[in-house]
Every structure is written in C-alpha cells, then in structure tokens.
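What follows is calculated from the coordinates using simple rules that are stated; it is not laboratory data. What you are looking at is a predicted structure, and each value in this text was computed from that prediction instead of being measured. As a convention, Cβ positions derive from the backbone with ideal geometry for all residues, glycine included, and neighbour counts pool all protein chains shown.
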Amino acid sequence: MVPISSSVIVLEHQDLPPLTVKVVRRRRKRLSLVVETDGLVECRVPLRCAKQEIDLFVRSNESWLREVLAKQKRERRRPRLRFEVGAEHYFLGQRYRLVQDYEISSIKIVNGDLHLPAKADSPGRIQTCLEGWYRRQAQRLIDYRVDRLCAQYDLQPPHQIKIRKMKAKWGSCSASGGLCFNLWLITQDLRAIDYVIVHELCHLKHFDHSPAFYAYLGSMMPDWQHRQGLLV
C-alpha cells in the first residue's frame, strides 16, 4: 500500500475569499496542483518534500488556482441559451429581450430590446441570425479595443485576431502570435472584455500561467481579478 499523509494550506487575502489547498504526500517525484470539478484543490507532493517548498509552490500558483476556480463558478451559473422570441440575451453586459420585427432586415436594438428581422422565424434561424450579428459586433469592437489597449499599455500587437465559438475559454493565444476570442465574449461587460484582451496580449510575452505572467498582468491591469469576476 502506498503511504499517504495530508495537511492543509489556507491562502488568505483582505479582498479575496480564503482558498484552502489540501496537501497530499505520496510516492511521486514532482509537485502538482489538481482542481476537482467540485472546487476542491489538492497539492500532490513527494513524501519527503519540505514544507517551505510546498508553501512556495502553492503560493506562486495562487493566481492560476483562483482563475481556474472562477472559471468553474462561471460554468456552473451560466444559463442555457434559448433562441426564441421573448428569450433574454446579453450584449456588452446588458440584458435584452428578443422581439420579432417585420419592418427590419437586420438586428437592431430598440428601447432595450433586440429586434429580429422577419427571416429569423424559427429557433435555428434565430440562432444563426443572432450569432452572425454577435460575430460582426465582436470583431469590430475587439479589433478596436486591442488597438487602444496595445497603445495604452505599450503592448505588442497580435498579427491576427479571430472570433469563434469556444466551450471553455474566453480567449487563447497561439505560438505564432495570433489571438482568438470567444464569440460570446461580446455578451460581457466591457471591463471584463478588456481584461480578457489584456490577459491574452500578456501571453505574447509570457506564453504560460507562471508567476511571471501574473506579475506582468498585474503591472498592466492591477484590478484584473475584479474584472475577471465580472465574467458570467
């Protein structure tokens, strides 16, 4: 039987909820962090690993842990989208009701509602129409915000920006220096959109989620954790 022993590390900050990490010692060579689907966090370490080394490892990865946990929380509370007249959808953090309008040829925002053209007369066509509109709005806004934020923070601009549907990420950065953003990012608050953009831009310098990456992100956007919390 493999010997196993455990202890706990609690990460506390004045402006953030405490984060409990269970330390599990077993026969292994390396330290690793595991975030379970229920939000439990384990740090798995070799049997003879020093407490100081474990503590340093956990604390140096705290930002990454909180980001993963925040992503899990968003996934649990995200409502299922309905593509039908009367359903509610978001655009730039504001909620809008879908309304059929036979006098328009493309989606328009009117008095707090999203007006759909006559051709959007079934759930499938409503989805196609709405996603096409979201895609055009996202490309236009994100292209503009990337230019502004690169100039504001003196960041390297990406060579390409794409918009596509993603299941688990708001954005990604390729090794070739291109950025890709989730189509549904356009539904979020502008402050959260800017956070995702800056996060991905920082990956052009630090292509990982190391402490150096989070230090760089924090130097660019000190309130990034608050902005991240706005994502739903």
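What translational diffusion coefficient, to the nearest whole µm²/s, does region 80-232 have by Stokes-Einstein, given a Kirkwood radius computed over alpha-carbon pairs, a temperature of 25 °C and 0.890 mPa s viscosity?
Details: Rh = 16.6 Å.
This corresponds to a translational diffusion coefficient of 148 µm²/s.
Could you give the nm distance between label points at ARG135 and ASP208, where each point is 7 Å from its Cα heading toward the beta carbon?
Those two pseudo-labels are separated by 3.6 nm.
Which of the GluC sites (Glu not before Pro) across region 82-182 are loop residues per DSSP, with 15 or fewer other Cβ within 10 Å? The partial results should precede the final answer.
Numbers: sites: GLU84, GLU88, GLU103, GLU131; in loops: GLU84, GLU103.
Counting only loop positions with at most 15 other Cβ atoms within 10 Å, the GluC sites (Glu not before Pro) in region 82-182 are GLU84, GLU103.
What is the sum of charges around LEU116, taking Lys and Arg as +1, Asp and Glu as -1, for the other residues whose C-beta is under 14 Å from the C-beta of LEU116?
Numbers: positive: ARG82, ARG97, LYS108, LYS119, ARG125; negative: GLU84, GLU88, ASP101, GLU103, ASP113, ASP121, GLU131.
Result for the local shell: -2.
Report the Stokes-Einstein translational diffusion coefficient (µm² s⁻¹, integer) for region 43-108, Rh taken as the Kirkwood radius over Cα pairs, at 37 °C with viscosity 0.692 mPa s.
Values: Rh = 16.6 Å.
It diffuses with D of about 198 µm²/s by this estimate.
Pick from LEU130, LEU185, LEU31 the residue whose mean-square fluctuation is largest in a GNM of the chain, springs joining Cα atoms under 10 Å.
LEU31
Using alpha carbons only, how many degrees (0 to 90, rounded to 10) separate the axis of helix 51-60 from the longest principal axis of the chain?
Approximately 10 degrees, to the nearest 10.
Round to the nearest 10 and give me the degree value, 0 to 90, for the angle of helix 190-202's Cα axis relative to the longest principal axis of the chain.
50 degrees
Run the Debye formula on the Cα coordinates of region 26-163, all scatterers equal and no solvent, and tell me log10 I(q)/I(0) at q = 0.14, 0.18, 0.19, 0.22 1/Å.
Here the Debye-derived log intensity ratios amount to -0.87, -1.04, -1.09, -1.21.
Only loop residues by DSSP count here, and only those with at most 14 other Cβ atoms within 10 Å; note down the trypsin sites (Lys or Arg not before Pro) in region 123-178 that meet that.
Working: sites: ARG125, ARG135, ARG136, ARG140, ARG145, ARG148, LYS162, ARG164, LYS165, LYS167, LYS169; in loops: LYS165, LYS167, LYS169.
Taking region 123-178 and a limit of 14 other Cβ atoms within 10 Å, the loop trypsin sites (Lys or Arg not before Pro) found are LYS165, LYS167, LYS169.
Quick one: helix 62-77 against the long Cα principal axis of the chain, what's the angle to the nearest 10°, folded into 0 to 90?
40 degrees
For ILE163, list long-range residues whose amide hydrogen, built 1.01 Å from N in the peptide plane, is under 5 Å from its own amide hydrogen.
When sequence neighbours closer than 5 places are left aside, the close amide H contacts are PHE181.
Report for region 98-232 the percent antiparallel among DSSP-assigned beta bridges with both residues inside it, nearest 5.
Details: 6 of 14 bridges.
Around 45 percent of the beta bridges assigned by DSSP in region 98-232 are antiparallel ones.
Using only alpha carbon pairs under 8 Å that are at least six residues apart, calculate the relative contact order of the chain and give it in whole percent. Before the final figure, lay out each step's value.
Details: 334 pairs, mean separation 30.2, N = 232.
Once divided by the residue count of the chain, the mean separation gives 13 percent.
Which of the trypsin sites (Lys or Arg not before Pro) found in region 55-115 are loop residues per DSSP with 15 or fewer other Cβ atoms within 10 Å of their Cβ? Spell out each step's value before the answer.
Values: sites: ARG59, ARG66, LYS71, LYS73, ARG74, ARG76, ARG77, ARG80, ARG82, ARG95, ARG97, LYS108; in loops: ARG80, ARG82.
Filter output for region 55-115: ARG80, ARG82.
Any idea what the relative contact order of region 5-77 is, in percent, if you count C-alpha pairs under 8 Å spaced at least 6 apart? Write out the running numbers ahead of the final one.
On the way: 92 pairs, mean separation 17.6, N = 73.
It comes to 24 percent, rounded to a whole number.
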